[in-house]
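The values are calculated or read from the model by the stated rules, or taken from the named source; none is laboratory data. Just so we're clear, the structure is a prediction, and the values are computed from it rather than from any experiment. With ideal geometry, Cβ positions are generated from the backbone for all residues, glycine too; neighbour counts draw on all protein chains shown. The accessibility values were calculated without ligands, DNA or RNA, using every heavy atom of the protein model including side chains. Shrake-Rupley method; radii C 1.70, N 1.55, O 1.52, S 1.80 Å.
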Amino acid sequence: MNRVLECANVEKMDPRWKQTCLQIVNQYIIPNLLPRFGERLNAELGKPVVNADDNNARTEWVGYFCGAIQMSICALSDESMLITPDANQQTVADKFMILFLQVFQFQNTTVAAEALLAVNQILNKLGVDFARYMDAF
């Protein structure tokens with residue numbers, strides 16, 4: 001999936017696959033999988049850790065979900081999905097930033113790096129509108 005998302009990046013896109021990749025990304029991955037990645041990341045962050053194996057598994061999955069979110073946000077062609085508020089007046093960007101701040105609390109450099117890359121993609125998409133999150137950093 002990350003390869004499809006990478007190929008859908010307009011700057012790196014192979015013209016032969018442009019339409020197919022954009023269609024997959026815009027009609028399936030972004031509206032369906034991006035929210036699921038957020039839900040799964042939230043679930044992983046909430047799991048209790050009983051032993052070192054639990055911690056290692058959680059760390060691994062948190063890293064995977066942060067990476068998938070990062071690639072999905074990178075592939076967004078329309079930033080409005082990130083900034084359109086829901087019924088609770090919370091945007092997708094708000095929800096992801098809350099999750100990434102929780103990831104940073106793990107104090108694990110591997111997952112923090114993945115989360116930081118995802119935050120960087122939100123920064124790239126929002127531009128000056130990212131300033132609202134700067135206090136958290």
Item to check | Estimated distance in nm for a label pair at residue 80 and residue 137, the labels positioned 7 Å out from Cα along Cα-to-Cβ | outcome: 2.7 nm
Next on the checklist: Give me the dipole magnitude in Debye, nearest 20, for the chain about the Cα centre, with unit charges on the beta carbon: positive for Lys and Arg, negative for Asp and Glu.
Outcome noted: 260 debye
Checklist entry - How much of the accessible area of the range 19-137, in percent, comes from carbon and sulfur atoms when a 1.4 Å probe is used? => result 52 percent
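Mean separation of Cα pairs under 8 Å and 6+ residues apart, divided by the residue count of the chain: what relative contact order is that in percent?
Answer for the chain is 25 percent.
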Next on the checklist: Relative contact order for the range 48-116: what percent, with Cα pairs under 8 Å and sequence separation of 6 or more?
Outcome noted: 37 percent
Item to check | Net lengthening on full extension, residue 101/residue 60 (0.36 nm per residue, minus Cα-Cα) | outcome: 13.1 nm
Item to check | Rounded tilt (10° steps) of 34-46 against the dominant C-alpha axis of the chain | outcome: 10 degrees
Item to check | Dipole moment magnitude, nearest 20 debye, the range 48-109 about Cα centre, only Lys, Arg, Asp, Glu C-beta charged | outcome: 80 debye
Checklist outcome for this item: Taking 109-117, 58-66 and ranking on average Cβ neighbours within 10 Å, highest first, one gets 58-66, 109-117
Checklist entry - When ligands, DNA and RNA are left out and all protein chains stay put, how many square angstrom of accessible area per residue does the chain have with a 1.4 Å probe? => result 60 Å²
Next on the checklist: Net charge within 13 Å of residue 83 by Cβ-Cβ distance, Lys/Arg positive one each and Asp/Glu negative one each, not counting residue 83 itself?
Outcome noted: -2
Item to check | Degrees between helix 92-104 axis and first principal axis of the chain (Cα, 0 to 90, nearest 10) | outcome: 40 degrees
